[in-house]
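Okay, so here's the structure we're looking at.
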Amino acid sequence: MGEALEELRDWQSALRAQFPIVVDNPELAYLDSAATAQKPQAVLDAVQSYLTTANANAGRGSYPWANRTTALVEEARQRVARFLGDREDGRESDGSAVHFVSGTSEGLRTVARDWLTEHLGDGDEIIVPFADHQANLLPWLEAQRLLAACGVRITVRELPYQAGSHDYDPAALAESVTERTAFVAVTHVHHVYGGDMNVHRIREVVGPRVPICLDAAQGVGHLPLDVGRLDVDFVVFSGHKAMALPGIGAVWARNTRGPRFEPGGWAGTPNTSGIVSLLAALDWLDTAGPDRIERWTIALGARLTDGLRHLDHYEVLGCQRSLAMDSPVGQRHGIVTFRHRGIGSDDLGFVLASHGLLVRADSLCQAGAIQRDGSVRVSLHVYNTAQEIDRLLDVLRVM
Ligand code: PLP
């Protein structure tokens with residue numbers, strides 16, 4: 001892992017220099033990218049340029065600004081499809097599979113309300129994660145309630161995890177799948193433990209007929225994502241975690257298993273500046289290279305877990321086999337959650353903030369985690385550096 005930090009150092013410095021908020025605040029280390037990512041200059045420029053040269057509504061009006069806006073929205077749809085590896089028979093998709101939403105939470109809820117309730121019948125079963133982000137559990141429970149109100153009873157089963165690693169457990173999942181299994185929801189990268197949930201194994205376990213929905217909130221922009229390889233039916237993500245503005249996200253729908261995904265009702269004016277920001281952000285991420293971003297953030301996460309492993313007072317949550325720098329389980333995608341055995345998360349967060357280390361120190365929106373567990377989360381992106389990790393470890397060492 002250490003070699004990646006050496007090998008990619010110049011590449012990373014050039015990218016880091018493109019984030020004004022990072023460059024202008026050298027005394028701060030932003031370590032909360034799983035909550036939201038910082039924006040490169042190219043995204044800020046694209047939004048500014050759009051709002052000052054072509055701002056109009058999309059799909060309405062035939063004057064040049066309106067046409068330009070409509071074209072940008074279409075281009076962004078195609079960009080999202082291309083970014084996710086959507087290709088039909090080797091040809092690039094036309095973007096019709098992409099629907100803009102405000103973010104992952106709204107996207108998953110839309111899949112649940114507007115598609116799942118149409119797809120399921122009495123006696124069907126769905127399998128969903130009970131210990132991932134609550135945005136990937138609550139909508140499925142809501143669909144169950146909506147269906148029950150119409151006399152359609154479905155069973156919600158828990159997607160099983162492996163003890164110790166927090167990865168999904170394909171063998172146990174195989175036992176939960178029945179001929180009534182009609183839907184499975186999974187997460188790409190866990191927002192607390194940082195683990196790649198290895199969703200490529202899920203299709204093999206559930207068989208060719210069952211639709212799979214992927215919460216890619218922590219995946220898009222952090223590692224390569226290929227809908228062809230994963231053979232999932234929905235990919236949902238938030239733009240703001242992928243360097244675009246808040247308030248924009250997307251649902252990509254394959255539309256080959258179950259009914260077509262057609263979000264109901266009149267959507268009204270789209271978030272055009274958000275869509276422009278997403279187009280610019282995906283362009284930027286593609287040029288930077290999600291594979292290199294993945295290597296960089298895994299290496300930084302490994303440096304942190306390796307450092308914490310040598311400090312007595314700390315316990316890193318999640319997979320214990322992936323703590324060392326040279327661990328063969330390269331599992332943590334730039335998200336590391338840990339706790340101090342004697343200091344609560346609020347106090348730890350406060351002290352770290354006073355040293356300019358901006359971490360997440362409150363609830364992590366994890367489904368089922370009713371009690372605060374006193375943990376602190378550090379989440380990294382391409383603008384973070386090994387020096388920032390070392391600064392953090394220096395402060396943690398004396399606490
Ligand atoms: N899913 C995961 C895995 C997340 O990490 C998050 C946010 O942290 C969400 C869903 C919800 O994303 P948003 O708040 O952008 O809707």
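Here's how it looks for Thr181: its modeled amide H is under 5 Å from those of Glu125, which are all 5 or more places away or on a different chain. Is it possible to state the helix-based mean residue ellipticity at 222 nm for the chain, with each DSSP H run of 4+ residues giving -39500 (n - 2.57), the sum divided by total residues, to the nearest 500 deg cm²/dmol? What is it? Helix contribution divided over all residues of the chain: -11000 deg cm²/dmol.
Calculated from the alpha-carbon coordinates, the range 176-291 shows an Rg and a Dmax of 15.4, 45 Å respectively. Of all the accessible heavy-atom surface of the chain, with the other protein chains kept in place and a 1.4 Å probe, what percent is carbon and sulfur? Carbon and sulfur together cover 50 percent of it.
In the chain, the ratio of gyration radius to Kirkwood radius, Rg to Rh, stands at 0.97 when only Cα atoms are counted.
Identify which of Asp373, Asp24, Asp326 has the largest mean-square fluctuation in a Gaussian network model of the chain, with springs joining Cα atoms closer than 10 Å. Largest GNM mean-square fluctuation: Asp24. Taking all Cα pairs closer than 8 Å and separated by 6 or more residues, the relative contact order of the range 47-287 comes to 25 percent. Rolling a 1.4 Å probe over the protein chains gives Asp346 an accessible area of about 100 Å².
Label positions at Arg260 and Leu51, each projected 7 Å from the Cα along the C-beta direction, are separated by 3.6 nm. Calculated FRET efficiency, Glu7 to Ser96, Cβ-Cβ distance, R0 = 45 Å: about 0.70 to the nearest 0.05. Please work out the FRET efficiency for the pair Arg397 and Asp169, using the Cβ-Cβ distance as r and a Förster radius of 30 Å; give the result to the nearest 0.05. Rounded to the nearest 0.05, the efficiency is 0.25.
Calculate, for the chain, the solvent-accessible area per residue in square angstrom, rolling a 1.4 angstrom probe over the heavy atoms of the protein chains. Accessible area per residue, the chain: 42 Å².
FRET efficiency for the Val177 to Arg341 pair, using the beta carbon distance and R₀ = 45 Å, is estimated at 0.65. Between Arg292, Arg113, Arg60, the GNM of the chain built on Cα springs shorter than 10 angstrom shows Arg60 fluctuating the most. Spin-label pair Arg229-Ala17: with each label point 7 Å from Cα along the Cα-Cβ axis, the two points sit 3.1 nm from one another.
The values are calculated or read from the model by the stated rules, or taken from the named source; none is laboratory data. Because the structure is a prediction, the values reported are computed rather than measured. Virtual Cβ from ideal backbone geometry, glycine too; neighbours counted across all protein chains shown. With ligands, DNA and RNA removed, areas are computed over all heavy atoms of the protein, side chains included. Shrake-Rupley method; radii C 1.70, N 1.55, O 1.52, S 1.80 Å.
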